[in-house]
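Enquirer: One structure, pasted below without further comment.
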Amino acid sequence: MKASTKLADVGRQPSVARSALTSVTDSAGDMHVYYFGSNNHVYELAWFGGSWHPRDV
């Protein structure tokens, strides 16, 4: 999987339409995307080790 993969395809939970979305790149160069799921939880998609890793934060 590439960093350009459609993120909606790797997330565990669909995002809420028109909800906040943010992203950061950490000091190691890994990307992290945060969004609100349709269950009102915040989810993270983190890129490290050559693939995206979703988690409920």
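Enquirer: Which one of these is modelled with pLDDT of 90 or more and touching a Ser or Thr at 6+ places or on another chain (Cβ under 6 Å): V42, V24, V33?
Expert: From the options V42, V24, V33, the qualifying one is V33.
Enquirer: Under the condition of being hydrophobic (A, V, I, L, M, F, W, C) and exposed (fewer than 15 other Cβ atoms within 10 Å of the Cβ), which residue from segment 10-30 is farthest from S51 (Cα to Cα)?
Expert: A17
Enquirer: Counting only residues that are touching a residue at least 24 places away in the same chain (Cβ under 8 Å), touching an Asp or Glu at 6+ places or on another chain (Cβ under 9 Å) and surrounded by 13 or more Cβ atoms within 10 Å (Cβ to Cβ), how many does segment 31-51 have?
Expert: 5
The values are calculated or read from the model by the stated rules, or taken from the named source; none is laboratory data. This structure is a prediction, so every number in the text was calculated from the model and none was measured. Positions of Cβ are backbone-derived with ideal geometry, glycine not excepted, and every protein chain shown enters the neighbour counts.
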